[in-house]
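Student: Here it is, the structure in full.
The values are calculated or read from the model by the stated rules, or taken from the named source; none is laboratory data. Fair warning: this is a prediction, and the values are worked out from it, not measured in the lab. Ideal geometry is used to build each Cβ from the backbone, glycine not excepted, and the neighbour counts take in all protein chains shown. Note: areas computed on protein heavy atoms with side chains; ligands, DNA, RNA excluded. Shrake-Rupley method; radii C 1.70, N 1.55, O 1.52, S 1.80 Å.
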Amino acid sequence: MSVAKIEVNGKIYEAPITIGSEGEIGIDISKFRSQTGSITLDGGFKNTGACTSDITFVDGANGVLRYRGYAIEELCDKSNFLEVSNLLVNGELPSSSSLNAFADKIEEASALPEGIHNIIKSFPKSAHPMGVLSSALCGLSGFFPEKDYGSLTQADYDELIPKMMGYIKMIAAANYRHNQGLEIGKSDSSLSYCSDFINLMFGKIDDDVAEALDVLFILHADHEQNCSATAARVAGSAQANIFASMSSGVNALWGPRHGGANQKVIEMLEMIEKNGGDYKKFIEKAKDKSDPFRLMGFGHRVYKNFDPRAKIIKVYCETVLNKLGVKDATLDIAKGLEEEALKDPYFVERKLYPNVDFYSGIIYRALGIPTNMFTVMFAIGRLPGWMAQWKELLTQNMAISRPRQIYTGKNLRSYTSIESR
Ligand code: SDX
């Protein structure tokens with residue numbers, strides 16, 4: 001096995017190297033502190049791997065995204081959200097019988113406990129749907145018997161995981177209906193996951209909208225060790241229950257640097273439109289270090305080339321808007337921003353490209369989804385990925401996540417009375 005040699009205070013330490021199935025190299029420092037008395041530092045974990053994983057492969061330099069080895073482009077073209085969710089969680093494309101069993105379990109969770117409806121209704125209609133989603137998801141823990149999350153069986157995963165997909169769909173739709181002053185209808189097991197969601201939301205079935213949503217959910221389903229998957233993994237590593245762990249994922253996703261960006265993108269595009277549509281002015285603002293304005297939907301920790309999801313969503317934007325007969329000026333502004341940014345040295349040097357959030361909001365808006373629900377849509381799509389990552393962590397029996405630090409505060413000092421300060 002090859003090793004990395006690291007010299008600390010004149011002494012050479014050998015750290016084993018792990019080489020992944022796509023040739024990625026990881027220096028295993030799991031024994032580094034006990035051998036050297038020192039730790040590594042990496043704010044934001046930009047260069048640190050938290051785990052080995054078989055789930056999703058992202059090649060940021062070449063704009064590649066694969067779920068369990070299948071290219072995202074092929075899955076969008078040939079699969080569907082439920083099948084992709086099952087693939088992410090279980091590792092293989094399901095047989096029709098196991099996919100039906102998965103769908104049946106989702107259907108078993110098609111009615112929320114009354115107490116969860118009460119949690120949703122307890123929020124003001126102005127409450128951000130991500131706060132409601134996080135609360136309701138975690139609240140579900142009160143309606144399920146506690147389990148030892150350190151010894152879950154495959155039967156437990158087969159029970160809990162699809163049910164969570166059923167509950168998140170119901171919570172999102174129930175919150176929307178509450179905010180509209182409407183009651184929620186009943187889930188219809190004869191409909192697909194996305195058609196049922198659309199029907200629960202808007203009280204009507206629209207195959208074009210459901211198909212668009214299915215592709216968007218596939219594109220959002222997982223993205224290896226992103227911020228929210230890490231949050232769900234960290235909570236899961238403490239053996240917190242699945243409701244608390246997935247609620248952790250929702251909370252992290254809410255941030256505007258992460259999943260909250262899709263809402264910020266549309267708000268940015270609307271603001272540019274209101275300001276006369278001069279997007280070039282906003283390119284300059286995004287480059288100005290003294291200006292807090294950032295080009296939302298641009299840039300990515302891993303993709304230093306096109307985000308393949310943004311490419312698919314951009315094409316899909318045109319298709320969906322044409323199919324629905326929707327004209328949206330923000331699409332032209334988005335395309336103008338992209339065109340300008342991709343030839344501007346500031347963005348080119350920093351390898352800043354449109355990410356998954358740049359165009360997705362334009363489709364959500366055309367589908368009739370309110371802007372403040374865009375990140376909830378991201379969460380619905382991402383839930384299977386979070387659960388796949390969470391399940392992998394538990395089945396790998398990973399240690400509790402507990403990073404170290406380098407203390408830079410005050411050295412030992414004595415207490416002084418308030419009179420003397
Ligand atoms: C998602 O990780 C994932 O996989 C996430 C995700 C998923 O599927 O889970 O892909 C989903 O979260 C996509 C990202 C959505 N967020 C946004 O669109 C918000 C805008 N983007 C940025 O805030 C930023 O690009 C991040 C947060 C996405 C990435 O930040 P990094 O990797 O920490 O990079 P950085 O902030 O250090 O930026 C490097 C440079 C800096 O300039 P310099 O200090 O080198 O001069 O690029 C600049 C930044 O100022 N920069 C931007 C910019 N993004 C980075 N400048 C203007 N506008 C931007 N959008």
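Student: Scan the range 5-16 and tell me whether some residue there is open to solvent by 50 Å² or more (accessible area, probe 1.4 Å), within 26 Å of CYS227 (Cβ to Cβ) and in a strand (DSSP E or B).
Tutor: Within the range 5-16, not a single residue is open to solvent by 50 Å² or more (accessible area, probe 1.4 Å), within 26 Å of CYS227 (Cβ to Cβ) and in a strand (DSSP E or B).
Student: Might you check whether a residue that is within 15 Å of the ligand (Cβ to nearest atom), assigned to a loop (DSSP other than H, G, I, E, B), open to solvent by 10 Å² or more (accessible area, probe 1.4 Å) and modelled with pLDDT under 95 occurs anywhere in the range 360-375?
Tutor: Checking the range 360-375: not a single residue is within 15 Å of the ligand (Cβ to nearest atom), assigned to a loop (DSSP other than H, G, I, E, B), open to solvent by 10 Å² or more (accessible area, probe 1.4 Å) and modelled with pLDDT under 95.
Student: Looking at (1) in a helix (DSSP H, G or I); (2) more than 13 Å from the ligand (Cβ to nearest atom), which is the one condition that is false for GLY277?
Tutor: Only one criterion in (1) in a helix (DSSP H, G or I); (2) more than 13 Å from the ligand (Cβ to nearest atom) is unmet by GLY277, namely (1).
Student: Read through the list (1) in a loop (DSSP other than H, G, I, E, B); (2) within 16 Å of the ligand (Cβ to nearest atom), then give the number of the only condition that MET398 fails.
Tutor: Exception for MET398: condition (2).
Student: Yes or no: the range 27-38 includes at least one residue that is polar (S, T, N, Q), in contact (Cβ under 8 Å) with a residue 12 or more places away in the chain and in a loop (DSSP other than H, G, I, E, B).
Tutor: Checked against the condition, which is being polar (S, T, N, Q), in contact (Cβ under 8 Å) with a residue 12 or more places away in the chain and in a loop (DSSP other than H, G, I, E, B), the range 27-38 yields at least one hit.
Student: How do the pairs read when you match residues in the range 100-119 that are farther than 16 Å from LEU200 by Cβ with residues anywhere that are among the small types (Gly, Ala, Ser), using Cβ under 6 Å and keeping only pairs 6 or more apart or on different chains?
Tutor: Pairs found: ILE119/SER135; ILE119/ALA136; ILE119/GLY139.
Student: Does the range 188-211 contain any residue that is within 13 Å of the ligand (Cβ to nearest atom) and either touching a residue at least 40 places away in the same chain (Cβ under 8 Å) or open to solvent by 10 Å² or more (accessible area, probe 1.4 Å) (or both)?
Tutor: no
Student: Could you tell me whether any residue of the range 235-251 is surrounded by 22 or more Cβ atoms within 10 Å (Cβ to Cβ), within 15 Å of the chain's Cα centre (by Cα) and within 12 Å of the ligand (Cβ to nearest atom)?
Tutor: Scanning the range 235-251 turns up at least one residue that is surrounded by 22 or more Cβ atoms within 10 Å (Cβ to Cβ), within 15 Å of the chain's Cα centre (by Cα) and within 12 Å of the ligand (Cβ to nearest atom).
Student: Are any residues in the range 280-303 under 15 Å from GLU339 (Cα atoms), crowded, with 16+ Cβ neighbours inside 10 Å and more than 7 Å from the ligand (Cβ to nearest atom), and if so, which ones?
Tutor: Of everything in the range 280-303, those that are under 15 Å from GLU339 (Cα atoms), crowded, with 16+ Cβ neighbours inside 10 Å and more than 7 Å from the ligand (Cβ to nearest atom) turn out to be PHE282, ILE283.
Student: Could you tell me whether any residue of the range 319-340 is within 13 Å of the ligand (Cβ to nearest atom), out of contact with any Leu (no Cβ under 9 Å at 6 or more places or on another chain) and either of a type outside the set (Gly, Ala, Ser) or over 26 Å from CYS76 (Cβ atoms) (or both)? Please lay out each step first, then the result.
Tutor: Our first condition is that a residue be within 13 Å of the ligand (Cβ to nearest atom); within the range 319-340, this holds for 334, 337-338, 340.
Right, trim to out of contact with any Leu (no Cβ under 9 Å at 6 or more places or on another chain) and you get 338, 340.
Within this subset, residues satisfying the condition of being either of a type outside the set (Gly, Ala, Ser) or over 26 Å from CYS76 (Cβ atoms) (or both) are 338, 340.
Yes, some residue in the range 319-340 is within 13 Å of the ligand (Cβ to nearest atom), out of contact with any Leu (no Cβ under 9 Å at 6 or more places or on another chain) and either of a type outside the set (Gly, Ala, Ser) or over 26 Å from CYS76 (Cβ atoms) (or both).
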